[in-house]
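Worksheet: the structure to be examined is printed underneath.
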2 protein chains.
Amino acid sequence: MEGAADGEAEGKGAPTLNRRIRADIEAKILSGEWGPGHRIPYEHELMAQYGCARMTVNKVVSELAAAGLIERRRRAGSFVAAPRIQSAILQIPDIEAEVTARGEAYRYELLRQERRPAARSVPAEWALAPRGRVLEIECRHMAGSRPFALEHRLINLSAVPEAEAVDFARQAPSSWLVGHVPWTAAEHKIAAVNALPEMAKRLDIPDGSACLELVRRTWRGDENITLVRQTFRGDLFDLVARFTPAQTPNGG
Amino acid sequence: MEGAADGEAEGKGAPTLNRRIRADIEAKILSGEWGPGHRIPYEHELMAQYGCARMTVNKVVSELAAAGLIERRRRAGSFVAAPRIQSAILQIPDIEAEVTARGEAYRYELLRQERRPAARSVPAEWALAPRGRVLEIECRHMAGSRPFALEHRLINLSAVPEAEAVDFARQAPSSWLVGHVPWTAAEHKIAAVNALPEMAKRLDIPDGSACLELVRRTWRGDENITLVRQTFRGDLFDLVARFTPAQTPNGG
DNA sequence: TAGTGGTCTAGACCACAGA
DNA sequence: CTGTGGTCTAGACCACTAG
């Protein structure tokens, strides 16, 4: 990804040789002067051009390859990669941070909590914890006096037995999980749904109002840790994703 | 980022020293043995531990920092970073590819097209092309005989004068733009909206049905190239994002 | 101010794929 | 085969900052 090994600030910072070379190559590619498939100079050519050691140019070109801007092939050289518009960095905000950033008071309400064996009749639940036990939590996130989002969560107690003892009336499950359970992979599904009557009532919106639904599954290795569905009021919440062709997650 | 400079295959590949060190550190972090805030060994300690040069361990730790797994602070050391659930790689699919991948026939319909000076009364339009001209396009993406998405697009003709001569009845604006106009930054906003009567009619859904709305702005340098709003039938389309704490776009 | 990371050098050997 | 990239070494100087 991105800013890569040379720091974090995007294009700015001290004008190190590394950054200069990188900026030069990026400029050629982003300006279109070097289109997709164009072969960039060999490492030894860049060495000569910039009068530096091979490791220096190697690092730059390797970073660009890691960023997806170019592809490297032994014996053939390095080539400008085809642009990948379809990939973006999505910011999935922490709900508490999102609410407080809007200057509203965040409050969390536990609506329901239940520990039980996973139900074989519910495919999602059985997939989460086959032959195991689950902790089911329903809660609500408030922005001031208005409901902001509903959350329905299943935690695999076989994978996270410590969750059994946590008081989720005091602490939101997401914040507890983030701080206590490392994870290795996750998947989001983002959809638009019409609020059903029960949901509409809890979100204090008219029946059928459009809501943004975020379903997230999180794994640690092969083990599924949790499955959560967060339903946001469509009138209060948008997801925003900023990105560049170089896929810089931290960048501007 | 991520797989970083040492190739691309995720955790696999030749057991180079680089990969061994990286795998060791990642294992400690992902297993929870080194929790958030834990200081990892100094570079000179890792040098001694693995009996290698400093550049070798420096590269590994720098890659892990670029991946967001750790944070580095001069004079203090390198520390395990707090997990960043909020960041994900979002796959923004090409609509044609998305439709054909479902085994349906893709068809594109141009509904309206108009070249005109940017209207100062429309903030979004004026922001796109102040004192310039815009090309406004409305079109529809079909999956078989069913509408799949509506698209409303503004192209800044001052930034992309070539667009003036293109026949957008034959080619979708997105596919033309991707192939002809390099860009440097973009921004997505994802929202859930209730279909208005006109929109519902064109999408062949009941009034008020939930739709997923994707608004994308694209820049080349400081110049705003295009502003597009794509409205997907909520019942036919979800966005999916897969990711890991290390933010590997290419990885599994 | 001492010690960390940030960067760079001038070499080297190797694997591998293209010609 | 030949030449590319992949990796690694054993140093070096510097910037920054935590103590």
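Do the conditions hold for B:Ile21, that is, is it under 19 Å from A:Gly221 (Cβ atoms) and either open to solvent by less than 40 Å² (accessible area, probe 1.4 Å) or of a type in the set (Ser, Thr, Tyr) (or both)? In short, no.
Meeting the requirement of 2 or more residues that are more than 10 Å from chain B (Cβ to nearest Cβ) and in contact with a helix residue (DSSP H, G or I) (Cβ under 6 Å, 6 or more places away or on another chain), the strands (runs of 3 or more DSSP E) wholly within segment A:138-242 are A:146-156, A:223-233.
Yes or no, residue by residue, for (1) closer than 20 Å to A:Arg116 by Cβ; (2) modelled with pLDDT of 90 or more; (3) outside the structural domain of A:Ala129 (by TED's automatic domain parsing); (4) not polar (S, T, N, Q):
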{"position": "A:Arg153", "(1), (2), (3), (4)": "yes, yes, no, yes"}
{"position": "A:Asn156", "(1), (2), (3), (4)": "yes, yes, no, no"}
{"position": "A:Glu164", "(1), (2), (3), (4)": "yes, yes, no, yes"}
{"position": "A:Ala186", "(1), (2), (3), (4)": "no, no, no, yes"}
{"position": "A:Arg202", "(1), (2), (3), (4)": "no, yes, no, yes"}
{"position": "A:Pro245", "(1), (2), (3), (4)": "no, no, yes, yes"}
{"position": "A:Gly251", "(1), (2), (3), (4)": "no, no, yes, yes"}
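Would you say A:Ser62 is part of a strand (DSSP E or B) and at negative phi? Considered against the rule, which asks whether it is part of a strand (DSSP E or B) and at negative phi, A:Ser62 comes out as no. Within segment A:32-67, the residues that satisfy the criterion of being away from every other protein chain (no Cβ under 12 Å), open to solvent by 60 Å² or more (accessible area, probe 1.4 Å) and away from DNA strand C (no atom under 14 Å from the Cβ) are A:His38, A:Glu45.
For B:Ala48, the criteria (1) part of a helix (DSSP H, G or I); (2) more than 21 Å from A:Val181 (Cα to Cα); (3) in contact with a strand residue (DSSP E or B) (Cβ under 9 Å, 6 or more places away or on another chain) hold in every case but one, which is (3). A:Glu104 meets the stated requirement of being among the acidic types (Asp, Glu) and in a loop (DSSP other than H, G, I, E, B).
In this entry, B:Ile29 is excluded by the filter for residues that are touching a residue at least 40 places away in the same chain (Cβ under 8 Å), more than 10 Å from chain A (Cβ to nearest Cβ) and of a type in the set (Val, Ile, Thr). The residues listed here are B:Glu104, B:Glu43, B:Glu109; of these, the one that is at pLDDT 95 or above and more than 16 Å from DNA strand D (Cβ to nearest atom) is B:Glu109. Taking the stated definitions as given, is A:Pro130 out of contact with any Ser or Thr (no Cβ under 7 Å at 6 or more places or on another chain) and under 16 Å from B:Pro182 (Cβ atoms)? Judged against the criteria, A:Pro130 is not a match. Restricting B:Ala172, B:Ala143, B:Ala165, B:Ala124 to those that are aliphatic (A, V, I, L, M) and free of Cβ contacts under 8 Å to residues at least 60 places away in the same chain reduces the list to B:Ala165. For B:His180, the conditions (1) in contact (Cβ under 8 Å) with a residue 24 or more places away in the chain; (2) open to solvent by 10 Å² or more (accessible area, probe 1.4 Å) all hold with the exception of (1).
The values are calculated or read from the model by the stated rules, or taken from the named source; none is laboratory data. Fair warning: this is a prediction, and the values are worked out from it, not measured in the lab. Neighbour counts are summed over all protein chains in view; Cβ atoms, including those assigned to glycine, are modelled from backbone coordinates with ideal geometry. Surface areas here come from the heavy atoms of the whole protein model, side chains and all, with no ligands, DNA or RNA. Shrake-Rupley method; radii C 1.70, N 1.55, O 1.52, S 1.80 Å.
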